[in-house]
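The values are calculated or read from the model by the stated rules, or taken from the named source; none is laboratory data. No experiment lies behind these values; they were computed from the predicted model shown. Cβ placement follows ideal geometry from the backbone for every residue including glycine, while neighbour counts extend to all protein chains displayed. The area values use the complete protein model at the heavy-atom level, side chains included, leaving out ligands, DNA and RNA. Shrake-Rupley method; radii C 1.70, N 1.55, O 1.52, S 1.80 Å.
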Amino acid sequence: MKATGWLKGLQVTGGGSGVVSHAGVALIRALADNVGLTGGLSKALASDRVLVHDRGRVLADLACAIADGAEVIRDFRVIGDQQELFGLVASVPTAWRALAEIAGGGERRLGQITAAVNTARRRVWAGIEARHGAIPGIHIADKVLEGVTCIRLDASVVTCHSDKEGAEPNFKGFGLHPLGAWCDNTAEPLAGMLRPGSAGSNTTADHLTILDAAIAALPPKHRRRLMVTTDGAGASHGLITRLDKLAARPGHQLIYSVGWELGKREKTAITAVPPDAWQIAVDERGEVRERRAEGACAGLRCAHRGCWIEEAHVAELTPLLRGGRAGDQLAAWPASMRVFARRERPHPGAQLTLFEAADGWRYTLWVTNLPAQTRGWRGQPAYTDAAHRVHARVEDAIRTGKDCGIGKYPSTALAMNKAWQAAALTAATLLAWLKLLALDGPLARAEPKTLRYRILHAAARLTRGGRRRELKISATWPWAADITTAWERISALPQAP
């Protein structure tokens, strides 16, 4: 068989009609309209001037284009070039002007956009509860923590290869240093702050601002039982003090888990931990972290103690730091704060400190206010450790967020890039809502690249008849049924007032 046999008799012409590419974008555009996001943005960006294109509509469309893969403003044409389906859409210059107007409005205008998104989020979360029975729980190893809303704070460096305002040298090179908050339950961004590249990792004021914005972004009834996590780069007196105050509010619960520095006092405490006080850690399946020893017997499921090497352990350092010979070394910190240490065998080639090289373990510390009397699996040290380690999931959220606009900033002006980030965070939010409200199975867990190929970039034929338009997805497209089902679910959502 000839490798080029598929070319035989094939001709390519430009005379087609009624064909729509990127037809799946209609799903997220309809979603934005039906949950009231577009209308809310229109009110937020209302102007006294007579405008051909409503600025809320333009911003919502820009968010849809970013969700579809747009990396620069000129990619907005993915919607504008398909007027048969989407109607009259703003041009690329108009999209530029809309962002410039938002930038000119400063933080006040960005706050109005955030308020519009948060209002729509209340309706969306009500829809998620109606469809699934509840907001998804937090997966911790092999357990699921229900009824708690988890906020994860983290910063990331965005490398810039051009002279953009605010792009400065940092610990990873040269660029900007945005800080954000994500909801672990729904995998959607809650708040974001675009900062200069030299902004400190543990800048207290920035973390407090993002924390407050993230909590305000949640529907009110989901603010009462919270879990907040951040890595050691975000640890500071100010942040932990604020978290402690929030946890002390009557009728509220807030459990935090914050990375901690391995300092001199912590090293001294670790050396004083009795060998039998180290408890074995569990992995993401809830199984103990063990590996086969060299020279182990042939039975891969044997119970011989000598055939297995424990890979990671957990121990609490609080009694040694608060009640040791040196007195209370944590007196300056909240009394409810507990300190934990995790030790694990380093991977080949890992660089250890002199302290770690002495015994061959790599150490990680974190602090939490989880009460010591907590019962059940949640209070076990192994799951306390697992609850902190799953903070790493925010790295996936950042990575996919960079695939939704926050990885590239199109302007040299910082204010314009802040406006772009507002659209990009809205795009990531729309994709999260689409998965929770309208998709099933693997698609409900898919990353943006997969969603684009299978759903958003699907082609269709647009037909007219009986005063109706019909978008026909190819019957041979493997995900045609998923697209039509998603459309039915989005169309059935209660219309926002």
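Count Lys and Arg as plus one, Asp and Glu as minus one, and take only other residues whose Cβ is under 11 Å from that of LEU436; the net charge is then +1. If one takes the longest principal axis of the Cα atoms in the chain, at what angle in degrees, from 0 to 90 and to the nearest 10, does the Cα axis of helix 106-132 lie? Result, in degrees: 80. The stretch between VAL19 and GLU165 holds 48.4 nm of extra length on full extension. This uses 0.36 nm per residue minus the Cα-Cα distance.
Summary of packing: across the peptides 387-400, 354-367, 8-21, the per-residue average of other C-beta atoms within 10 Å ranks them, highest first, as 387-400, 354-367, 8-21. Backbone geometry of region 394-400 corresponds, through the Karplus equation with coefficients 6.51, -1.76 and 1.60 at θ = phi - 60°, to 3J(HN,Hα) couplings of 5, 5, 5, 4, 5, 4, 6 Hz, x marking Gly and Pro. Looking at the P(r) of region 130-182, how many percent of alpha-carbon pairs lie beyond 12 Å? Here the tail beyond 12 Å accounts for 73 percent of pairs.
Just how many % of Cα pairs in region 307-386 lie over 15 Å apart, if you round to the nearest whole percent? Distances greater than 15 Å cover 64 percent of the Cα pairs.
Calculated mean residue ellipticity, 222 nm, the chain: -11000 deg cm²/dmol, from DSSP H runs (n ≥ 4) at -39500 (n - 2.57) each, averaged per residue and rounded to 500. Here region 359-451 is treated as a Stokes sphere of Kirkwood radius computed over C-alpha pairs; at 25 °C and 0.890 mPa s its diffusion coefficient rounds to 147 µm²/s. Considering only the other residues whose Cβ falls under 15 Å of the Cβ of TYR383, what net charge follows from Lys and Arg at +1 and Asp and Glu at -1? Its environment carries a net charge of +1.
Near ASP81: Cβ cut-off under 13 Å, other residues only, Lys/Arg at +1 and Asp/Glu at -1. The net charge is -2. Ligands, DNA and RNA are left out, and with a 1.4 angstrom probe the accessible area of the chain is 49 Å² per residue. Peptides 272-280, 317-325 ranked from most to least packed by the mean count of surrounding Cβ atoms within 10 Å: 317-325, 272-280. Using only alpha carbons, region 4-148 has a radius of gyration to Kirkwood radius ratio (Rg to Rh) of 1.11.
Treating each Cα of region 58-142 as one equal point scatterer and applying the Debye formula with no solvent, the log10 of I(q)/I(0) at q = 0.27 Å⁻¹ comes out as -1.21.
Please tell me which of these pairs span more than 18 angstrom C-alpha to C-alpha: LYS8/LYS472; LYS164/LYS418; LYS172/LYS402; LYS408/LYS449; LYS164/LYS408? Don't skip to the answer; put the middle values down first.
On the way: LYS8/LYS472 28 Å; LYS164/LYS418 12 Å; LYS172/LYS402 16 Å; LYS408/LYS449 16 Å; LYS164/LYS408 11 Å.
Pairs exceeding 18 Å: LYS8/LYS472.
Take each peptide in 217-230, 408-421, 371-384, count the other Cβ atoms within 10 Å of every residue, and average; sorted highest first, the result is 408-421, 217-230, 371-384.
Take the alpha carbon atoms of region 1-78, find their center, do the same for region 195-255, and report the distance between the two centers in whole angstrom. After rounding, the separation between the Cα centres reads 36 Å.
Short-range pairs are left out: with C-alpha atoms under 8 Å and at least six residues apart, the relative contact order of region 75-164 is 11 percent.
Based on alpha-carbon atoms only, what is the radius of gyration of region 392-497 relative to the globular estimate 2.2 N^0.38 Å? If you can, show how the numbers build up before the last one.
Numbers: Rg = 16.7 Å, N = 106, 2.2 N^0.38 = 12.9 Å.
That ratio works out to 1.29.
Computed from the C-beta positions of ALA332 and ALA358, the FRET efficiency with R₀ = 30 Å rounds to 0.55. The angle between the Cα long axis of helix 92-104 and the main principal axis of the chain comes to about 50°, on a 0 to 90 degree scale. Atom-type composition of the exposed protein surface of region 102-245 places 52 percent of the accessible area on carbon and sulfur (1.4 angstrom probe). Of the solvent-accessible surface of region 313-394, computed with a 1.4 Å probe and all protein chains present, 54% belongs to carbon and sulfur. Computed from Cα atoms, the angle from the helix 480-491 axis to the main principal axis of the chain rounds to 90 degrees.
Here r is the Cβ-Cβ distance between ALA475 and LYS408 and R0 is 35 Å; the resulting FRET efficiency, rounded to 0.05, is 0.45.
Taking the alpha carbon gyration tensor of region 102-252, multiplying each eigenvalue by 5 and rooting it gives semi-axes of 29, 19, 15 Å, largest first. Remark: C-alpha extents of the chain on the principal axes read 83, 66, 46 Å, sorted largest to smallest. Note on region 1-69: Cα convex hull, mean projected area over all directions, 8.2 nm².
Taking a temperature of 10 °C and a viscosity of 1.306 mPa s, what whole-number D in µm²/s does Stokes-Einstein yield for region 192-260 with Rh from Kirkwood over alpha carbon pairs?
Values: Rh = 12.7 Å.
Rounded, D is 125 µm²/s.
Express the carbon and sulfur contribution to the solvent-accessible surface of region 445-489 as a percent, rounded to the nearest whole number, probe 1.4 angstrom. Walk me through the intermediate numbers first.
Values: 1570 of 3200 Å².
Its accessible area is 49 percent carbon and sulfur atoms.
Over the C-alpha trace of region 207-353, radius of gyration and Dmax come out as 19.6, 58 angstrom.
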